[in-house]
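> Let me give you the structure first, and then I'll get to my questions.
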Amino acid sequence: MGRVALNGFLFLAVAVLVAAGWILSPDLTKPNFEFLPQMAHSPRYNAFAPNPNFGDGSTLQRPEPGTIARGSMPLHYAATPQDALRAGEELKSPLDLSSVRARERGAFVFSKFCAVCHGAGGTGNGPVAQRGYPAPPSLLAEHALKMKDGQLFHVLTYGQNNMPSYASQLSREDRWNAILYVRTMQAAAAPAAPSTSPLKAAQADPAKVPGGQP
């Protein structure tokens, strides 16, 4: 009997709740009751509007010292030749030298941002150089071959001599992609280079390099 009584009580409770819900159904034409209307309708302030909630009376607050914007990891280098050499020793490419995707992206970046000065083959005979702007050194020359990836990244980031910075135009990944493509061009142009070649450890197949030279 106890179990039957319990089931009966539960059934009755459910029936009462259903009936109460039907009788007390909300009026859809009226808003619900707001327990804390201040939270639902807090005042808004424009970025440069006065704001009494802060000690300096400003809405737009300066970030705390040392704050790093999301996706903007700092580079602790100066735009100097000395720091370019230091970057060459400290910065390493995060890319896989055998990545076809990275080479294809690097080829695209090079054709859009670099070839105008450096030329499609990297020899420094781009359209801009042919119209009076100082021609850049060949990327296939011995000096460029000896430059480490980190130093090239520093040049792309901070500029060098007549070359401006491309940090605002190219993401970090695209700068590394472009460097990887330059290395594939260098390897394709000098397949018999000595062991100091930038791609000696991972020789690329020129036939698979977009725009590569046989």
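The values are calculated or read from the model by the stated rules, or taken from the named source; none is laboratory data. Note that the coordinates shown come from a computational prediction; the quantities given were computed from them, not determined experimentally. Every residue, glycine as well, gets a Cβ built from its backbone with ideal geometry; the counts of neighbours run over all protein chains shown.
> Looking only at the stretch 77-110, which residues are of a type in the set (Gly, Ala, Ser) and either surrounded by 15 or more Cβ atoms within 10 Å (Cβ to Cβ) or within 19 Å of the chain's Cα centre (by Cα) (or both)?
Taking the stretch 77-110 and keeping what is of a type in the set (Gly, Ala, Ser), we get 78-79, 84, 87-88, 93, 98-99, 102, 106-107.
Within the stretch 77-110, Ala84, Ala87, Gly88, Ser93, Ser99, Ala102, Gly106, Ala107 qualify.
> Another question, if that's okay. Looking at this structure, is Gly71 assigned to a loop (DSSP other than H, G, I, E, B) and modelled with pLDDT of 90 or more? Let's see the steps before the verdict.
Values: assigned to a loop (DSSP other than H, G, I, E, B): yes; modelled with pLDDT of 90 or more: no.
Taking the combined requirement at face value, the residue does not satisfy it.
> Among all residue pairs at least 6 apart or on different chains, which show Cβ distances below 7 Å where the first residue, located in the stretch 49-73, is exposed (fewer than 10 other Cβ atoms within 10 Å of the Cβ) and the second is modelled with pLDDT under 90?
What qualifies is Ile68/Pro74.
> Mind listing just one residue for me: the one in the stretch 125-144 that is in a helix (DSSP H, G or I) and more than 27 Å from the chain's Cα centre (by Cα) and, of those, surrounded by the most Cβ atoms within 10 Å (Cβ to Cβ)?
Ala129
> Could we say that Val109 is touching a Lys or Arg at 6+ places or on another chain (Cβ under 7 Å) and touching a residue at least 60 places away in the same chain (Cβ under 8 Å) here?
Against the criterion (touching a Lys or Arg at 6+ places or on another chain (Cβ under 7 Å) and touching a residue at least 60 places away in the same chain (Cβ under 8 Å)), Val109 does not qualify.
> Of (1) touching a helix residue (DSSP H, G or I) at 6+ places or on another chain (Cβ under 6 Å); (2) under 25 Å from His76 (Cα atoms), Pro94 satisfies all except one. Which?
For Pro94, the failing item is (1).
> Out of the stretch 72-97, which residues are touching a Ser or Thr at 6+ places or on another chain (Cβ under 9 Å) and more than 21 Å from Met163 (Cβ to Cβ)?
Scanning the stretch 72-97 gives a single hit, Leu97.
> A follow-up question, please. Does the stretch 102-124 contain any residue that is outside any loop (DSSP other than H, G, I, E, B), within 16 Å of Lys148 (Cβ to Cβ) and of a type in the set (S, T, N, Q)? Don't jump to the end; show me each part of the working.
So the first thing to find is which residues in the stretch 102-124 are outside any loop (DSSP other than H, G, I, E, B), and the list is 102-118.
Now drop any that are not within 16 Å of Lys148 (Cβ to Cβ), which leaves none.
The answer is no, given that none of the residues of the stretch 102-124 is outside any loop (DSSP other than H, G, I, E, B), within 16 Å of Lys148 (Cβ to Cβ) and of a type in the set (S, T, N, Q).
> Could I ask something else about it? Cβ-Cβ distance below 7 Å, separation of 6 or more or different chains: which pairs start in the stretch 75-104 with a residue that is farther than 14 Å from Arg172 by Cβ and in contact (Cβ under 8 Å) with a residue 40 or more places away in the chain and end on one that is of a type in the set (Val, Ile, Thr) and surrounded by 13 or more Cβ atoms within 10 Å (Cβ to Cβ)?
Ala84/Val155; Arg103/Thr184; Arg103/Val209
> How many residues are small (Gly, Ala, Ser), free of Cβ contacts under 8 Å to residues at least 24 places away in the same chain and within 18 Å of Ala178 (Cα to Cα) when one looks only at the stretch 118-138?
Going through the stretch 118-138 one residue at a time, the tally reaches 4.
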